[in-house]
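To start, the structure itself, in structure tokens.
The values are calculated or read from the model by the stated rules, or taken from the named source; none is laboratory data. All values reported here derive from a predicted model rather than from experimental measurement. When we count neighbours, we look across all protein chains shown, and the Cβ atoms used for this are built from the backbone with ideal geometry, even at glycine. We work out accessible area using only protein heavy atoms, side chains counted, and drop any ligands, DNA or RNA first. Shrake-Rupley method; radii C 1.70, N 1.55, O 1.52, S 1.80 Å.
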Amino acid sequence: MKNLTLENIARVAGGRYVGPAEKAQVEVTSVETDSRKVGEGSLFVAIKGERVDGHRFINQVIDAGAAAVLSEVDLGDQLFPYVHVESTLQAVKDIAEFYLSQLNIPVVGIAGSVGKTSTKEMTHSVLRQGFNVLKTEGNFNNELGVPLTIFRLRDEQMAVLEMGISDFGEMHRLAKIARPNTVIMTNIGCCHLENLIDRDGILKAKTEIFDFLEDDAHIILNGDDDKLATVTCVRGIKPVFFGLDEKHDFWASDLKSLGLKGTACSIHTPVGDFDVTVTMPGKHMVYNALAGAAAGVAYGLSLEQIKAGIEANGSLAGRFHIIETDNYTIIDDCYNANPVSMKASLEVLQDGAGRRVAVLGDMGELGADERALHADVGTFAAGLDIDAIYCAGALCRALHDAARAAGFKGDLRHFDSRDEMMDALPALLSRGDTILVKASHFMQFPAIVAHLTNLR
């Protein structure tokens, strides 16, 4: 790993190197926080977690061939090298910032309340048509996940990093590590309201991503979002806007739903227009395609390359992943949920074949208005062309009651727990149903997807 010698690691982490002098110039081969992933030449970062203290595995990783250990504990004089620091979590962030600066490659930072992962996937799919691009995998989008993603970089020409937060100051710290050359912001929705209070607070926290922009940076914003539309200039940089209105720099027209197979549309850019099929269903995926197109133009890709990248984009498990079984079409969208994403998924459910069934669970981190926000989703769902709503959890009682009050005509049921609903579903569902499964991560709805997938 370029210039990641033990001497440099100790210096940038504000730590103390302990070990043979001749090994201080050794470059580590990887940086790991999971002892099971340590190999020959790795730096093992011993982090004290809520359940496990990484310092317990120091002897194990040395036996596995680790080059050194980053430790909060003074290990005294040892035969193996280590770097003693005050905080291993802070050290890993400082080391990642240093390592990325050595690589001198463009970084695209993806932020926003809803749709970060699908926008990241779309942007990666477009940019890889012209570059060797590394992207965030899974949910590695926080103050530990972003550094660990950066440490995966080797010969890539570009990085697309998802950046997620839940409080003020977090995005500032992430931006300091990643120093994005391009920022894509999806929207400002009702998420993490316990800390950020309201959408103005969310806008303030998310836009901390601009704190370390260089003068030649690109800012790509959803112009149809009322809060993002107020961002007119950032440190002399004029944002590029995307949306469904022709007033934007990148916009889409002639949207034609292809059901669960996606949306056909025309995309208009400052350098030309093209027709494309966005292969993931829902209007929100057209927004993602526009963001990806804007990134492609920013980095000089042709319209043919951008179109190919949009059409090559696929789904991920838990993120509107469509599963066809002998009995049902299951829309697995249960990685996480908030009111904006819940409404968007319910809208897409209307395009399903057979009975359209929503299997929903509680949404978390919504603050003092959590019941009202669930009720709002219930009222919204009542106005859609769907056939059944089955929901579970204490907060979903408000969703259920609001849907009933709004006159929902289909089969509407509430269950106290996920397991109670899971037991009842086989008798409630019919062959040929299209079933949306969506809830916040803590509800553990992947178990429902697995249960329905395995039904015979």
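Based on DSSP H runs of at least 4 residues, each adding -39500 (n - 2.57), what is the mean residue ellipticity at 222 nm of the chain after dividing by all its residues, to the nearest 500 deg cm²/dmol? Show your work: numbers first, answer last.
Values: 15 runs with 147 residues, N = 456.
So the helix-based figure for the chain works out to -9500 deg cm²/dmol.
In a Debye calculation with equal point scatterers on the alpha-carbon sites of the chain and no solvent, what is log10 I(q)/I(0) at q = 0.05, 0.14 Å⁻¹? The Debye formula, applied to the Cα set alone, gives -0.20, -1.28.
For region 1-153, with all protein chains in place and a probe radius of 1.4 Å, 45% of the accessible heavy-atom surface sits on carbon or sulfur.
Would you mind checking the pairs Lys206/Lys438; Lys206/Lys283; Lys93/Lys135; Lys135/Lys343; Lys116/Lys204 and listing those with alpha carbons more than 21 angstrom apart? Present the calculation step by step, with values, prior to reporting the outcome.
Working: Lys206/Lys438 25 Å; Lys206/Lys283 23 Å; Lys93/Lys135 18 Å; Lys135/Lys343 27 Å; Lys116/Lys204 17 Å.
Exceeds cut-off: Lys206/Lys438; Lys206/Lys283; Lys135/Lys343.
Phi angles across region 409-421 convert, under the Karplus curve 6.51 cos²θ - 1.76 cosθ + 1.60 with θ = phi - 60°, into 3J(HN,Hα) values of 8, x, 7, 10, 9, 10, 10, 5, 9, 4, 5, 4, 5 Hz, Gly and Pro given as x.
Legend: Rg and Dmax of region 92-155, from Cα coordinates, 11.9, 32 Å.
Relative to the current alpha-carbon distance between Glu214 and Ala264, full extension at 0.36 nm per residue lengthens the span by 14.4 nm. For the Cα trace of region 1-134, dividing Rg by the Kirkwood Rh returns an Rg/Rh value of 1.04. Working from label points 7 Å from Cα in the Cα-to-Cβ sense, the Gln78 to Lys48 distance is 1.6 nm. Whole-percent P(r), region 268-327, all Cα pairs, 10 Å bins from 0: 20, 49, 21, 8, 2.
Multiplying the sequence separation of Ile237 and Phe442 by 0.36 nm and subtracting their Cα-Cα distance, what value in nm do you get?
Numbers: separation 205, 0.36 × 205 = 73.80 nm, distance 3.92 nm.
Length difference between fully extended and current span is 69.9 nm.
Ordered from longest to shortest, the equivalent ellipsoid semi-axes for region 365-405 are 18, 10, 8 Å, each the square root of 5 times a Cα gyration tensor eigenvalue.
Note on Lys176: aspartates and glutamates with a C-alpha under 13 Å away, same-chain residues under 8 apart excluded, are Asp94, Glu97, Glu143, Glu208, Asp211, Glu214. Each residue of region 182-190 was assigned a 3J(HN,Hα) from its phi angle through the Karplus expression (A = 6.51, B = -1.76, C = 1.60, θ = phi - 60°), giving 10, 10, 10, 10, 7, 4, 10, x, 8 Hz with x at Gly and Pro.
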